[in-house]
Amino acid sequence: MVGTCFRVRPRRKITGMPPPRPVVPARRRALRVLAAAGAYAALRPAIAGEPRAVLTRPIPSSGEPVPVVGLGSWITFNVGSDPVARNACADVIRNFVAAGGRMIDSSPMYGSSQDVIGYGLGKAALAGRVFAADKVWISSGSEGREQIEQSRRKWQVNRFDLVQVHNLLNWQDHLPTLFAMKAAGQIRYVGITTSEGRRHRDIEQLMRSHPLDFVQVTYNPLDREVEARILPLARDRGIAVIVNRPFREGLLLRALARRPLPSWASDVDCKSWAQLVLKFIVAHPAVTCAIPATGNVAHVRENMAAASGPLPDAKLRERTIALVEGA
Amino acid sequence: MSEWWTYTLSDFLMFAPRTYYRMIELYNVAIWPAQLVAAAVGVAVAVLLAGRRGGRDRIICGLLAGCWLWIAWSFHYQRYAQINWAASWFAAAFALEALLLAGVGVIAGRIALRPAGSVRCTVAVVLVVMTVFCYPLLAALTGRSWTTSETFGVTPDPTAIATIAALALAGGRIRLLLLIVPVLWCAVAAATLWAMDSRTDAVVVAGVAVLALWPAIRGTPATGRLVAR
C-alpha cells in the first residue's frame, strides 16, 4: 500500500489566510512525506473505530496539507435560481466539509455554479473553512482582475486561495496578473488548467517556465496521458496537481456499473467503483487532489470516504486499469 | 478554441438535463396562464394561414414577432441565461428575428405568403396546428412530467418550427433572411437535446423543422403574386 498520507490537522477557524510560504525544497518535502506517513502508520491502530482520518497531500510550494478529495462544480452546481436544487447543492457542500473536504473548484465558465457555491457557503457559514479554487476565463487580459473580483463576490469569500488560468485562455496576460495578485496577498496560489488531454505541450512549457503552484489536468484509469510527462514534471518542479474529470462526467462509472466490484477492492477499503477510481487517482504520488463533481449528498459522502484508509499500490493500480479498460 | 477537433457535442453542454427541464417547469409555473394565450395565438396563425383574410400576412408576422420577442426576454434572457451563458446571444438572436418579422413583414409588408388551398399551405397549416397541440405532448410521450411541456409562443423550439412552416410559404429571397434564425435555432436545439440524451426530442425538432422547411427548399413559387412584394 502507498503510505503517503497524513492525518488531517485539527480544524481551526480560519479568519484570515496565512501569507504564502516560501517554496519548500524537494528533499525537505520528501522528508515531510515520509515523516507523516510514518506518523500515520503509527497512529492507525489507535484510531480504529474512530472517524476515519482524511488523507492529505502537501501543496509543494508551501507544505500546506490539502485533503486528497475535493469537490468540482462543472454542470452539477449549475442549477440557476431553482431553490430546491440550490438547497440540494448547499447540502452537498455542508456534507463535503463535514466529511473533512476542503477544496472546492469552480469557474466563471460554469454558469450559475459560483453563485450556488456562494449560497451554500453562506447558508452554512463555511466560507472560511474551504480551500476556494476558482479560475479566470476571459479573452481580455485587462478584464481579468475584474472577473476575479466578480467571481469572489459570487463565492462570498474574502479572497480566493487559488486562481487558475482556465484552459490557458490568454495565459500571456493573466499569469502576470495572478502572480501580481499573489505577491500582493490577494490570492494565495496560482495555477493553470486544461482538460481531456488538450494543450499538454503548452502546459508543460508553462510548468517549466513559470513558478506555478498548481496545475489542473484530467487523469483517471482511462485517461493516463499525464503519467508520461506532466505528473513527473510536477513532482520535479514542486507543482501541486489537481485532477479533474475523474469519472469522465459519470460515463466511466455508468460503464463500470455493469461489472461487479473486484473482491480485492476491500483491501483498500473501497465499497464502490467511484471509490476505487478515486483511490487509483490519488495514489499517484504526484497528485494532490481529485475534484469529482456531484450534486448528490450520498455521492459526496461516498467520494469523501475514498479520502481515507489505505491506497492501492502499483500492483492494484495495474489491476484497476485492466478492469476499467475491459469495461 | 484550440484543438477544436477534440471537442464533442457533450463538451458544450454545461448543465444537466434535469436542470434544463426543471427550468422549463419553473418557467411554466411562473408564466401560467400565458401558455393558453400563446396557444390561442398559434391557432390564430393557423386559421389565418388557412384563410384569405386581407392583411393576413402582416398579422401573422406581427403575431410571430410578439412570440419571438417574448421568448427572447422571458425565456432566454431571464431564465436560460442563468444556466447557459450562450443564452444571452440566443436572446439577441430571437430579438433580432422579432425585429425582422416586425420590420419586413408588418411595417414594410414584404412578406407574401402562398394563399390558402395549395398543398404546401395545407402542410404548413397542419404543421402549425400540430406544433400548437401536439408538441406539448412530447414531454409526456418521452417520459417526462407534463409540467415540462414546451408550448408554442412561449418556448423556443415549437415557436421556431411554426415560424419556419409559415415563412416557408413566402416568396422571394427576403424569406431566406427571416428563416436564418429559426433554422439555426432548430439546429442548436436539436444538437443540445441530442447531447442531453433527449434523442427523441432532438429527432422531432430536426425532422419537423426540415419538413416545415420543405416548401422553401422547393424554391420560389412561380406565380407573380407569390413572390415578394
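List of remarks:
- Close pairs from the range B:152-165: first farther than 14 Å from residue B:43 by Cα, partner hydrophobic (A, V, I, L, M, F, W, C) and part of a loop (DSSP other than H, G, I, E, B), Cβ under 9 Å, at least 6 apart: B:161/B:152
- Filtered residue count, the range B:1-58, keeping only those that are in a loop (DSSP other than H, G, I, E, B) and within 11 Å of chain A (Cβ to nearest Cβ): 9
- Count - residues of the range A:95-122 that are within 14 Å of another protein chain (Cβ to nearest Cβ) and not in a helix (DSSP H, G or I): 7
- Only one of A:157, A:84, A:92 that is in a helix (DSSP H, G or I) and either away from chain B (no Cβ under 14 Å) or buried (at least 23 other Cβ atoms within 10 Å of the Cβ) (or both): A:92
- Among the residues of the range B:169-209, those identified as among the basic types (Lys, Arg) and touching a helix residue (DSSP H, G or I) at 6+ places or on another chain (Cβ under 8 Å) are B:175, B:199.
- Answer from A:327, A:298 - the residue that is out of contact with any strand residue (DSSP E or B) (no Cβ under 9 Å at 6 or more places or on another chain), modelled with pLDDT under 95 and among the aliphatic types (A, V, I, L, M): A:327
- Members of the range B:141-195 found to be of a type in the set (A, V, I, L, M), in a loop (DSSP other than H, G, I, E, B) and under 24 Å from residue B:86 (Cβ atoms), listed by number: B:154
- Enumeration of residues in the range A:179-226 that are hydroxyl-bearing (Ser, Thr, Tyr) and over 30 Å from residue A:251 (Cα atoms): A:189, A:209
- Some residue of the range A:205-222 being modelled with pLDDT of 95 or more, hydrophobic (A, V, I, L, M, F, W, C) and closer than 21 Å to residue A:317 by Cα: yes
- Residue count for the range B:1-30, restricted to those that are crowded, with 18+ Cβ neighbours inside 10 Å, closer than 23 Å to residue A:167 by Cβ and of a type in the set (Val, Ile, Thr): 1
- Any hit, the range A:123-134, residues being free of Cβ contacts under 8 Å to residues at least 40 places away in the same chain, within 14 Å of another protein chain (Cβ to nearest Cβ) and out of contact with any strand residue (DSSP E or B) (no Cβ under 9 Å at 6 or more places or on another chain): no
- Number of positions in the range A:196-218 that are within 11 Å of chain B (Cβ to nearest Cβ), outside any helix (DSSP H, G or I) and charged (D, E, K, R): 3
- Inter-residue pairs, beta-carbon under 6 Å, first under 17 Å from residue B:46 (Cβ atoms) and more than 14 Å from chain A (Cβ to nearest Cβ) and in the range B:62-80, second surrounded by 21 or more Cβ atoms within 10 Å (Cβ to Cβ) and among the hydroxyl-bearing types (Ser, Thr, Tyr), 6+ apart: B:64/B:163; B:67/B:159
- Which listed residue, of B:105, B:117, B:55, is in contact (Cβ under 8 Å) with a residue 60 or more places away in the chain and more than 21 Å from residue B:31 (Cα to Cα): B:105
- The set of residues from the range A:181-196 being buried (at least 16 other Cβ atoms within 10 Å of the Cβ) and small (Gly, Ala, Ser) comprises A:191, A:195.
- Against the test of being farther than 22 Å from residue A:254 by Cβ and surrounded by fewer than 23 Cβ atoms within 10 Å (Cβ to Cβ), the options A:325, A:318 yield a single qualifying residue, A:318.
- Test: residue in the range B:119-138 that is of a type in the set (D, E, K, R) and crowded, with 21+ Cβ neighbours inside 10 Å: no
- In the set (1) touching a residue at least 24 places away in the same chain (Cβ under 8 Å); (2) within 21 Å of the chain's Cα centre (by Cα), residue A:172 fails one condition alone, (2).
The values are calculated or read from the model by the stated rules, or taken from the named source; none is laboratory data. Keep in mind that what you see is a predicted model, and the values were worked out from it rather than measured. Here the Cβ is made from the backbone with ideal geometry for all residues, glycine too, and neighbour counts use every protein chain on show.
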